[in-house]
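Report on one structure; see the data block that follows.
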Amino acid sequence: MLADIALVLGAYLFGSLPFMLALGGAKGVDLSQEEDLHIALWRKVGRLEGLSGIFVDFFKGAIPILIGFGFDFRLVVVASAGVAAVAGQMWPVFRRFNGEKGNTTGSAMVATLSITYQAYLILLIALIPFAIGGGIRTMPRFLASGQTLSERFKLGGSASQSLPLGMAISFAIMPLISWCLKQPLEMTLALVALFIAIMLRRLTAGLSADLKTATNLRSILINRLLYDRSYL
């Protein structure tokens, strides 16, 4: 029992680690007020640092699953640790519970859980809307003429509707796929919890500031759920 609690709590604290802020600080760049740390790290600090930030957030979701699986913890504990790591990235104790959106860490958690427990179809099917959304968002800009190689690989750009919508669909269908494939209930419930947490973070991140100038609350909430931002 104590080992179970230690794994879940440790996963949350691991997910809370402010690696990207520390990396920016080491280069003399304060990222604490940035809305998207990944883009800010990539564009204001450097691409190597930006890639390392993506990898660390990925490992935040993967490592607790691998540790739990490697030490033969029960599936319910392993899956809970994965969700806890994502919660730590979104609501980190080291940043007054104001963190990132959980997409990278959540994707890593699902990928690692699916692979370690041989539920490959969950990952493969859920990747389809994510890949379509990412392709619609990225390929036209990447293939546009008159760009240097550096410009083609520039992270950021205009706000996307397709990518956050694709991610929302992916996270939404994961528990449904798990249920249809008759995966263990613990895995399905963990995927439900992950989807709820990510949607809750979309709804609440910076909401208080938006409410001060909001003219249509319903539109803001729908845009946040579907497109991960208040205004299109």
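The values are calculated or read from the model by the stated rules, or taken from the named source; none is laboratory data. This one's a predicted model, so the numbers in the text were calculated from it and none came from an experiment. Positions of Cβ are backbone-derived with ideal geometry, glycine not excepted, and every protein chain shown enters the neighbour counts.
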**OP:** Return the residue satisfying two criteria in turn: it lies in region 1-32 and is of a type outside the set (A, V, I, L, M, F, W, C) and within 19 Å of the chain's Cα centre (by Cα), and of such residues it is surrounded by the most Cβ atoms within 10 Å (Cβ to Cβ).
**Re:** Gly15
Subject >> Subset of region 79-113 (residues that are of a type in the set (A, V, I, L, M) and within 13 Å of Pro64 (Cα to Cα)) >> reply: Ala79, Ala81, Val83, Ala84, Ala85, Val86, Ala87, Ala108, Met109, Val110, Ala111, Leu113
Original post:
What pairs can you find where one residue is in region 105-116 and closer than 22 Å to Pro92 by Cα, the other is modelled with pLDDT under 95 and among the acidic types (Asp, Glu), and their Cβ atoms are less than 8 Å apart, with a gap of 6+ or different chains?
Top reply: Thr105/Asp57; Ala108/Asp57
Original post:
Can you spot a residue in region 73-94 that is more than 24 Å from Ser114 (Cα to Cα) and either assigned to a helix (DSSP H, G or I) or acidic (Asp, Glu) (or both)?
Top reply: yes
**OP:** Count, please, the residues in region 59-72 that happen to be farther than 9 Å from Thr112 by Cβ and in contact with a Ser or Thr (Cβ under 8 Å, 6 or more places away or on another chain).
**Re:** 1
Original post:
When both residues are 6+ apart or on different chains and their Cβ atoms are under 9 Å apart, which pairs have a first residue that lies in region 35-58 and is part of a helix (DSSP H, G or I), and a second that is surrounded by fewer than 16 Cβ atoms within 10 Å (Cβ to Cβ) and of a type in the set (Phe, Trp, Tyr)?
Top reply: Arg47/Phe153
**OP:** Would you mind telling me which numbered condition in (1) at pLDDT 90 or above; (2) over 22 Å from Gly206 (Cβ atoms); (3) touching a helix residue (DSSP H, G or I) at 6+ places or on another chain (Cβ under 8 Å) Asp72 fails?
**Re:** (3)
